[in-house]
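Remarks on the structure that follows.
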Amino acid sequence: MKTNFLFSMLAIFMIVGCSQEMEVIKHEKGNRTSAESPKNTSQKPPNLKISVNDKEFVAALNGYSWSYYDEAEMSMAGIEAEVISVSDLIENHEGPVVNSDTSIELKFEEKPTFYEVYVLGSVPFNGGTDLILNKQIGRTVYEVKATWEQGTGYYVFPLTIE
């Protein structure tokens, strides 16, 4: 009986401990930089829209590290959100059908200071707001790593390339 109780408690602690997706980190009150301004109250990176042939869709935000001004605490706080598997995040979404000559435009809600685009498991493309599709065929998943003063966000989106 005691053994079952101990295993049950251990299982509950493991489930609760493993399910934590975000950690909020409080910073000290005091001098603020431009990234720590009270106007920066968003608790996550800006949205990223993908434009394909005059149609837009929002890329899925994966893990991120982000600082923001917590108005309730009147101090800076930070969030570390875990990366989840791409297959869990975008499941079996095929994404828009495009051909290898299609240009994809990345439209950030707020322009980052730097970003890179990867074909998942590949080397990054060169910067720029247009993504050129070449040498890919079928369902292809892209990852965008974008950096702002407040932190870094990772986005993923699929395309089906003919």
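Computed over protein heavy atoms with a 1.4 angstrom probe, the accessible surface ordering of Asp88, Asp54, largest first, is Asp54, Asp88. Solvent exposure of Ser103, expressed as accessible area, is near 50 Å², computed with a probe of 1.4 Å over the protein chains only. Each label was represented as a point 7 Å from its Cα along the Cα-to-Cβ direction; for Ser103 and Lys145 these points are 2.6 nm apart. Note on region 36-101: dipole from Cβ charges, positive end direction compared against Ser51, Tyr68, Ile84; the farthest Cα belongs to Ser51. Inter-label distance, Lys55 to Glu116: 3.1 nm, where each label sits 7 Å from its Cα along the C-beta direction.
Relative protection proxy for 56-65, 78-87, 145-154, from highest mean packing down: 145-154, 56-65, 78-87 (other beta-carbon atoms within 10 angstrom).
The values are calculated or read from the model by the stated rules, or taken from the named source; none is laboratory data. The model shown is predicted, which means the values in this text are computed figures rather than measured ones. Methodologically, a virtual Cβ is constructed for each residue, glycine included, from the backbone with ideal geometry; neighbour enumeration extends over all protein chains shown. When the accessible area is computed, the model is the full protein with side chains, heavy atoms only, and any ligands, DNA or RNA have been set aside. Shrake-Rupley method; radii C 1.70, N 1.55, O 1.52, S 1.80 Å.
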